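Enquirer: One structure is given below, represented as structure tokens, and several questions about it will come after.
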Amino acid sequence: MKLFSNERPEIPIAHHTKEDGSAWTIKEKLWLGLSVTEYKKQFFRNPVNWFMIMLFAIGIPLILGRYAFGLGWVTHASNDYPWGLFLGFGLFGMVPLSASGFMLGTTVELFGRKDFHSIERLALLNGLLGYFFAVVFLEIDLGMPWRLPYPMFVSLGPAAVLFLVAWHVATYLSVQIAEVLPAFFEWIGWLKGKRIIRRYVLGLTVAGIILSTLHQGALGALFTYAPAKIHPLWISSNFTWIHFFVSSIFGGLSMVIIASTLIKNFMGWRCDDEFKDNLDYVTIGMAKGASLAMITYLVIKLVAVAHDQEWTYLLTGWGSYYMLELGVAVVLPMFMFAFGVRNNWVTLIRVGAFIAAIGIIWNRLNTALVCFNWQMYQEIPHWKEVWITVTIYALYFLTYRFIVYRLPIVYEWKGEK
Amino acid sequence: MKKLNRRSFIKGGLATTAAVTVLKEKKSAASGDFDNYPEGMGVIVDLTRCVGCRSCEAACNKEQNLPEPEVPFDDFSVFDYMHHGEKRRTDETAYTIVNRYNPPEIDHPLFRKVQCNHCNEPACLTSCFVNAYTKTPEGAVIYNAKVCVGCRTCMVACPFYIPAFKYSSAFKPQIMKCIFCYDTRLKNGEPPACVEACPQEALTFGRRKDVLKIGKQRIRETPGKYVDHIYGEHEVGGTAWMYLSSVPFDKVGFDTHVPKEPIINSVKEFLAMVPMVLTIWPGLFVGFHLLATRKDKVREMEKEAELKKTKENDEKEEQA
């Protein structure tokens, strides 16, 4: 895109009308204002796209195979490990990293911190896409994906934790769509829709907080159904849900820091000056919030060990692994954040965010796979399962990029608003 | 106004106490004290009697129309089968299996039959978000494939690793598990196929409370033969299928670390929080919003007040 945006002043599109006063059509907006040959040219000179093509060449047939021949064709069909990577990574890992929407929605709309305005839309989009693709992962994993609405409308089991997860993820997904829609309405030029949503923004934000608290926690509470299967250090019937909720706070913030870093470095043409100029400031602000959430998390982790009388476990091999997880995934990035905030060292914060996000996924995989059946053998996922997981994640990446290329997420729409 | 004398005070007091007692009793009977279908059926499995003939496996296979096994039921090499260091378990082709153990304490092997234990408060049932499981008054935990979504939470929740998933099917996958022969036998008061097939009377079928008594009687009447414990009497809140053994249960493949309470009890901590969050959060956070944005309003008001003051001062000066 750099190729064209330097030569042609009307690109990237940020206005309803072209230089000569005529209006952009939706089709032209979708093609980024380029001709088909130009679009192809920019597409194929990007090495990331070549990598994606190779990934999908094998991934798509594998996904089709999963639907044609059953889950047993792509996984080890384990009865001892009912949940593998699709849920361990896709649901339990993606959802906490998508807590960004409610975090920044709350900061800006509820607490009135307008200084975080420039990052709000990116955080909302990050949340929406993360949840949406968690559902996509679920649709790969469910035995009967066509029955997804059953817990809502056909046969209800309201006393189950998963019932709460299903309902809350579904409602929260709708809330997040409503929160991201204003950007879409600006882009297509339907301002009435934007005004309607604006009226309900406080309600949507509060709904977001309630739904997030409960279903982030509920994902942790799901594991309390297996108190005898998961290593005691990773499960606590009193505290696991709080662990999952609190860790989603710094997980979501870290993910926004990562996304904004990638966008700033590889999509500079799309960002406007407000976004670029404010980015260091908001990154430091988010790191401050994340480090506070991290120290809270560490304290509750400690309380859980004390409450459940698990000190002796800390001296075992599993205990060392537990300390390693907390040390690398939480304590290290926490200090990186704190040091970065203190010394305005934004690069350190960005590296820390990367570690923290990987750390969240590591924690969720530990709970769902590594420390699950800790007295049994260790399940290593089938290569097809890994490939499909990476393919769906790549699809998430492409969708994310597709939207940020076009909608006013990291830039302000210059036409009427 | 009617005067309250000593007699009427005592009368009223007694009446109130009586009313409270009656109401209280009623209430406690209505909640919490659910007696888990006291007439439910159960089976006691005596490990000392089982010879590992696998007749129960064969009978189950036939009764439940399961696929023909790769290894015939009279082939005992299956006892040596190991997968990931684990002995055989129930799967989509077998609702029950028998495993052999060689505990060092005794000079002969012991055999353990595995099938659904039909818990009093089943974890599979309480974890299911589409209500696919039912605990019938007869004691069976049955499953409805018509509403199952295939999320496999029941498999995660089951402390005994019983439910299996039909991973091989793309279009009609479902949970595969022992249903106590509910449809074909238990409903009519008959014992399940495996019990009927057992040539050693290792399996005793009857009301749960009765077979529990039989188990206790055996322990009492033959001192030294059994360990003084019936596995399933209290494990995860009690199960319909229970076990007697001559060696400690952990030596014959039983998980002795499962909680004594029903699995759902460890989830209740979270479930109790849900209504609190739902009711407290909205008010709390709208309150936060008002507090957070109050500063701007206060600033505006202060400005106005200042303006007013300066105006008044100006007027006073003018008057002076």
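The values are calculated or read from the model by the stated rules, or taken from the named source; none is laboratory data. The structure presented is a predicted model; accordingly, all values stated were derived computationally and were not measured. Every residue, glycine as well, gets a Cβ built from its backbone with ideal geometry; the counts of neighbours run over all protein chains shown. Heads up: the accessible areas ignore ligands, DNA and RNA and are worked out on the full protein's heavy atoms, side chains in. Shrake-Rupley method; radii C 1.70, N 1.55, O 1.52, S 1.80 Å.
Enquirer: What is the extension gain from B:A272 to B:S168, computed as 0.36 nm multiplied by their sequence separation minus the C-alpha to C-alpha distance, in nm to one decimal?
Expert: Value of the extension gain: 33.6 nm.
Enquirer: So, one more: Largest first, please: the extent of the C-alpha atoms of the stretch B:145-279 along each principal axis, to the nearest Å.
Expert: So the extents along the principal axes, rounded to whole Å, are 56, 38, 30.
Enquirer: Now, a different point. What FRET efficiency comes out for A:I53 versus A:L148 if R0 is 25 angstrom and r is the Cβ-Cβ distance? Round to the nearest 0.05.
Expert: 0.25
Enquirer: Next question, about the same structure. Sticking with the crude label model, points 7 Å out along Cα→Cβ, report the distance from B:D80 to A:I380 in nm, one decimal please.
Expert: So the two model labels end up 2.6 nm from each other.
Enquirer: Please express the Cα-Cα pair-distance distribution P(r) of the stretch A:1-159 as a list of whole percents, one per 10 Å bin, running from 0 to the bin with the greatest distance.
Expert: Pairs per bin, as whole percents: 8, 20, 27, 27, 15, 4, 0.
Enquirer: Measuring from centroid to centroid over Cα atoms, what is the spacing of the stretch A:117-140 and the stretch A:1-76 in Å?
Expert: For the stretch A:117-140 versus the stretch A:1-76, the Cα centre distance is 19 Å.
Enquirer: What is the stretch A:46-406's relative contact order, in percent, from Cα pairs under 8 angstrom and six or more apart in sequence?
Expert: With pairs under 8 Å counted, the relative contact order is 26 percent.
Enquirer: Right, next: Calculate, for A:I295 and A:L262, the FRET efficiency according to 1/(1 + (r/R0)^6) with r their C-beta to C-beta distance and R0 41 Å; round to the nearest 0.05.
Expert: Calculated value: 0.90.
Enquirer: Estimate the FRET efficiency between A:K27 and B:E306 by the formula 1/(1 + (r/R0)^6), using the beta-carbon distance for r and 56 Å for R0, to the nearest 0.05.
Expert: For R0 = 56 Å, the calculated efficiency reads 0.50.
Enquirer: Another question, then. Let me know the Kirkwood hydrodynamic radius for the protein assembly as shown, please, with Cα pairs as the basis and the value in Å to one decimal.
Expert: One decimal place: 29.6 Å for the Kirkwood radius.
Enquirer: Using a 1.4 Å probe on protein heavy atoms only, how many Å² of accessible area do B and A hide from each other, summed over both chains and rounded to 100?
Expert: 5100
Enquirer: Now for a separate question. Give me the one-decimal nm value for the distance between modelled label points at A:T171 and B:R299, 7 Å along each residue's Cα-to-Cβ direction.
Expert: 3.5
Enquirer: May I pose another question? Could you run the Debye sum over the Cα atoms of the stretch A:295-361, one equal point scatterer each and no solvent, and tell me log10 of I(q)/I(0) at q = 0.13, 0.20 Å⁻¹, two decimals?
Expert: -0.43, -0.82
Enquirer: Let me check I've understood the local charge: for A:R66, count other residues with C-beta under 13 angstrom from its C-beta, Lys and Arg +1, Asp and Glu -1. What total comes out?
Expert: Neighbourhood net charge equals -2.
Enquirer: Taking Cα centroids, how far is the stretch B:171-232 from the stretch A:79-100 in Å?
Expert: Their Cα centres are 38 Å away from one another.
Enquirer: Return the tail of the calculated pair distribution for the stretch B:65-161, meaning the percent of Cα-Cα pairs more than 16 Å apart.
Expert: Here the tail beyond 16 Å accounts for 66 percent of pairs.
Enquirer: Which net charge results for the neighbourhood of B:R218, defined as the other residues with beta-carbon distances under 9 angstrom from its beta-carbon, given Lys and Arg at +1 and Asp and Glu at -1?
Expert: +1
Enquirer: How much length would be gained if the chain were fully extended between A:Y405 and A:K194, taking 0.36 nm per residue of separation minus their Cα-Cα distance, in nm to one decimal?
Expert: 73.9 nm
Enquirer: Determine the per residue accessible area of the protein assembly as shown with all protein chains present and a 1.4 angstrom probe, expressed in square angstrom.
Expert: 47
Enquirer: Right, next: Output the relative contact order of the stretch B:41-261, whole-number percent, from Cα pairs under 8 angstrom with separation of 6+ residues.
Expert: 29
Enquirer: Right, something else. Would you jot down the residues in the stretch A:143-162 that end up with at least 50 Å² less accessible area in the complete protein assembly than in the chain alone, with a 1.4 Å probe?
Expert: Residues passing the criterion (a loss of at least 50 Å², heavy atoms only) are A:M144, A:R147, A:S155, A:L162.
Enquirer: Now a separate question. Based on the alpha carbon coordinates of the stretch A:195-324, what radius of gyration and maximum Cα-Cα distance (Dmax) apply, in Å?
Expert: Values for the stretch A:195-324 (Cα only, Rg and Dmax): 19.1, 59 Å.
Enquirer: Dividing the alpha-carbon radius of gyration of the stretch A:308-408 by 2.2 N^0.38 Å (N being the number of residues), what value is obtained?
Expert: Relative to the 2.2 N^0.38 Å estimate, the stretch A:308-408 comes out at 1.42.
Enquirer: How about chain B: what cysteines have no other cysteine beta carbon under 4.7 Å from their own?
Expert: B:C50, B:C53, B:C60, B:C119, B:C128, B:C148, B:C151, B:C158, B:C181, B:C198
Enquirer: Still on this structure, please answer the following. For A:H382, list long-range residues whose amide hydrogen, built 1.01 Å from N in the peptide plane, is under 5 Å from its own amide hydrogen.
Expert: Those qualifying (amide H under 5 Å, at least 5 residues apart or on another chain) are A:H76.
Enquirer: Give, to the nearest whole percent, the P(r) tail of the stretch A:259-320 beyond 17 angstrom, counting all Cα pairs.
Expert: It works out to 61 percent of all Cα pairs.
Enquirer: Can you pull the one-decimal nm distance between simple spin-label points at B:L290 and A:K114, each 7 Å off the Cα toward Cβ?
Expert: Distance between label points: 2.3 nm.
Enquirer: Moving on. Which whole-percent values make up P(r) of chain A when all C-alpha to C-alpha distances are grouped in 10 Å steps starting at zero?
Expert: Percent of pairs per bin, in order: 4, 20, 30, 27, 14, 4, 1, 0.
Enquirer: A follow-up question, please. At a 1.4 Å probe radius, carbon and sulfur cover how many percent of the accessible area of chain A?
Expert: After summing per-atom areas, the C and S share lands at 69 percent.
Enquirer: How large is Rg over Rh for the stretch B:41-261, taking Rg from the Cα atoms and Rh as the Kirkwood inverse mean of 1/r across Cα pairs?
Expert: 0.94
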